[in-house]
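Q: The structure's right below; bear with me while I get my questions together.
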Amino acid sequence: MDNTIGNNSTAVAGTAIINLTSPSWSSPSSSSSSPSSLLSFFAYPGVPLYLNSPFRSPESLRPFAFTVILVLYCLIVMGNTLLCLLILRDPRLHRPMYILLANLSLNGLVGSSATLPRAMRDLVAPGAITAAECLAQVYFVHVYMSLEYYILASMSIDRYLAVCRPLRYGALVGNARALRACAAVHAAAAACVSAVLCLVLRLDLCRGRVVDDLSCSHMALAKLACNDTAVNDSAGIAVTALTMGVGMALVAASYARILFECRKAARRGRKAAGTCAAHLGSLGVFALCGLAIVAMPRVERYARVSPQVRGVVNMAVYVLPPLLNPVIYGLRTAEIRAWLAARVSLRRRRRRGREVAPAA
């Protein structure tokens, strides 16, 4: 009996892969639950799933959606790459806060690159994705979300020490310690997400293979599983507590201490406002995107939400933080503003020199 099921599953896998090359290929049914349609991540890593992008219909929306996502992705890559290169090349920016900022920018590139190119591809071709590719996307998407909270929490601790312990800041926080902190938060995020990935690998998908989202995620795949997902639900809550819960608790504690200390002196309060404004801006953007994703299922219980609106809300967390972080820090950080002003001034002098040379 087991051999029969295995042979049937292999035949289905082979048929699905062959059908992907056909122009008439369409998304698999989301209601299939027969044993022959059961998908094990371990057994068939090459079997396709289907990402049902909300921007695929109506068909007239696809060119516009593709163009918007492409422009946003190019801006994200250019802005964050420029910020990282600036921090790398300017010795004045070789300080703990900017080391953390560079990690925040790199993490934004990871999150957007794990989702946006795939979203564009799904607008011009069938949304098929192999189980192995889906697992890779789950890993990078969840690492991005976890690291964002951890890095923002590390930056809040750095701001607390800079504002409330300015005389000891150099001794308490150096570049080496900032690098070790970055390594620690990367390891913590990878450990949390690896545990989630192990739970995804145990799932057998028998409730269809259509993922109704822009990207693969832990809970989106758990909805398609026929085995017990109570452990997955508990793990999801635990990982959320270890990432968002711990991160936001550290941020709240740091800023509570900053506000308490700054009540003692108006001058210190003004300094804190200027120092922390950029970090609070980044934190606010990411927190609002996260709250919107959490609130969306609850809103849908009482009101009809179009797939396009749901898609925009889900995509915002991969677009807005990495898009706005370079702008926020570029406008609020004196060293970055000075570098940009110097580059603009140098370019103007070179342009004037080229204009004067022919006249001479």
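Any read-out appearing in this document is the output of simple, stated calculations on the displayed coordinates, not a laboratory observation. Since we're looking at a predicted model, the values are computed, not measured. When we count neighbours, we look across all protein chains shown, and the Cβ atoms used for this are built from the backbone with ideal geometry, even at glycine.
Q: Can you put V312, V196 in order of Cβ neighbours within 10 angstrom, beginning with the fewest? Walk me through the intermediate numbers first.
A: Values: V312 17, V196 22.
Lowest to highest Cβ neighbour count: V312, V196.
Q: For the stretch 174-180, just list the computed ³J(HN,Hα) in residue order, Karplus coefficients 6.51, -1.76 and 1.60, θ = phi - 60°, integers in Hz, with x standing in for Gly and Pro.
A: x, 4, 5, 5, 5, 5, 5
Q: Please give the length that would be gained between L288 and L201 if that part of the chain were fully extended, namely 0.36 nm times their separation in residues minus their C-alpha to C-alpha distance (nm, one decimal).
A: Result: 28.2 nm gained on full extension.
Q: Most exposed first by the Cβ proxy, i.e. fewest other Cβ within 10 Å, how do E335, E148 rank?
A: E335, E148
Q: Another question, then. Just to check I understand the Karplus step: with θ = phi - 60° and J = 6.51 cos²θ - 1.76 cosθ + 1.60, what whole-Hz values come out for the stretch 81-92, glycine and proline as x?
A: 5, 4, 5, 5, 5, 4, 5, 5, 8, 8, x, 5
Q: Rounding to the nearest 20 debye, state how big the charge dipole of the stretch 45-119 is about its Cα centre with +1 on each Lys and Arg Cβ and -1 on each Asp and Glu Cβ.
A: Roughly 120 debye, rounded to the nearest 20.
Q: Another question, if that's okay. Under 1.5 on a/c is rounded, so check that first for the stretch 110-214, then, if it is not, pick prolate when a/b is larger than b/c and oblate when it is not; a ≥ b ≥ c are the square roots of the alpha carbon gyration tensor eigenvalues.
A: prolate
Q: Which residues' amide hydrogens lie under 5 Å from the amide hydrogen of D204, considering only partners 5 or more residues apart or on another chain, with H built in the peptide plane?
A: Long-range HN contacts for D204: C226, N227.
Q: Points 7 angstrom from Cα along the Cβ direction at A241 and N175: gap in nanometres?
A: 4.0 nm
Q: With θ set to phi - 60°, apply the Karplus curve 6.51 cos²θ - 1.76 cosθ + 1.60 along the stretch 243-254 and write out the HN-Hα couplings as whole Hz, x wherever there is a Gly or Pro.
A: Working through the residues one at a time gives 9, 5, x, 5, x, 5, 5, 5, 5, 4, 5, 5 Hz.
Q: What does the charge count near M219 come to, summing +1 for each Lys or Arg and -1 for each Asp or Glu among other residues with Cβ under 12 Å from its Cβ?
A: On the way: positive: K223; negative: D212, D213, D233.
With Lys, Arg at +1 and Asp, Glu at -1, the neighbours total -2.
Q: Length gain on complete extension for the stretch S57 to A249, per 0.36 nm per residue less the alpha carbon to alpha carbon distance?
A: 65.0 nm
Q: Still on this structure, I have one more. Once the piece of chain linking L340 and V77 is laid out straight, how much longer is it, given 0.36 nm per residue of separation minus the C-alpha distance between them?
A: Result: 92.9 nm gained on full extension.
Q: Fewest Cβ neighbours within 10 Å first, please rank I87, I237 accordingly.
A: I237, I87
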